[in-house]
Structure formats: C-alpha cells, structure tokens
Amino acid sequence: MADSQEQEQQWELSEEGCHVSLTHDNLNVNTIMDRVRSPSAGAIVLFAGTTRDNFAGKPVHSLTYTSYHPLALRTLLSIATSIKATHGLTGIAITHRLGPVPIGEESILIAVSSPHRQAAWRAGEQALEECKDRVEIWKREEFTGEEGVWRANRDGKMGVKVTE
C-alpha cells in the first residue's frame, strides 16, 4: 500500500501540445480539457473511463491500478506525440489514476483538440486503445464475495489469481 506522501505525488511529462500524467488523486475533467484548449481548435473530445460495477457477470467492488511510473509516462508521451502528428491535433492530454478507484469514479481521462471534430473523435478512440494495449499499467479487480485478480489493463481478458 502506498504511503500518504506517495499518494500526493503526481508524475507528468509534456512536449509541444502533448501532456501526460499519472496520479493517485481524483481526476478532474476541467483540468485536462484546459490542457488542450486553444483558440485554433474547433473541437475538444473528452473520454472518461470509469470503474463499472461488474466484469463478465461478476460484481466488482473496486479496481486498483499500479504501474512502472517512468516507463508508463514515456509510453504515454510516445502515444500522445504520435497521435497528435497522425491526426493533426492542436493538443492531446492523457491522465491515468493509480491506486484504488471506486465504482463510478474515473481511472483515465483523455482530451484531444483539433480544428475539426472528425479528427478529434478518431484520435480520442485511438489514444484509448493504444493506452490499454501498450502502457505499463496493471489493474487488480476486487470482486464482491471472492478474491480479486490482477490483469493487464485491457478489456475482455480475464485475470488470473496470484497467490502471495
């Protein structure tokens, strides 16, 4: 379990219209949208990933996320810079919460801005899929009434029990 000093810490990287961060704090929609706001952007698309109350028919109590911070930040920034260039974005910001994330609270926010909405829509979805596929973040699902499981941060793949 993280101590209180670690929980208050936030890790960030930025580069030319790209901002990525990891935090133990609650995520703030307005803060991430302000990171990509620009007078040259006609669209801002925001994705908020929240903890749902079930997975594969099992009731979920909460999720706990962990990561290898230095590598996860570099991977997030690599994704952001690539997507910004590919879609001609004005800005992109990705933040992921670590530690326990209760039901209904956000674990990831992705904001993208562009001159036109179509590029922003496509870029936001691509950013989410690449984050889930590549970033060094793992989650432990805590199920109601049974032991939790660790798994990759990818939808649709069942976790396996880890005996300690």
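Applying the Karplus relation 6.51 cos²θ - 1.76 cosθ + 1.60 with θ = phi - 60° to region 30-41 yields 3J(HN,Hα) values of 5, 4, 6, 5, 5, 5, 10, 5, 7, x, 8, 9 Hz, where x marks Gly and Pro. Once both axes come from the Cα atoms, what is the angle between helix 117-134 and the longest principal axis of the chain, in degrees from 0 to 90, rounded to 10? The angle comes out at about 40 degrees. With the convex hull constructed from alpha-carbon coordinates only, the chain shows a mean projected area of 9.8 nm² over all directions. With helices as the sole contributors, the chain gives -9500 deg cm²/dmol at 222 nm; each DSSP H run of n ≥ 4 counts as -39500 (n - 2.57), and the sum is divided by every residue. For a test of understanding, tell me how many lysine pairs in the chain have Cα atoms under 25 Å apart, given they are 8 or more places apart or on different chains. Lysine pairs meeting the criterion: 9.
Since every read-out is calculated from the coordinates, none of them should be taken as a lab result. The structure displayed is predicted, hence computed values, not measured ones.
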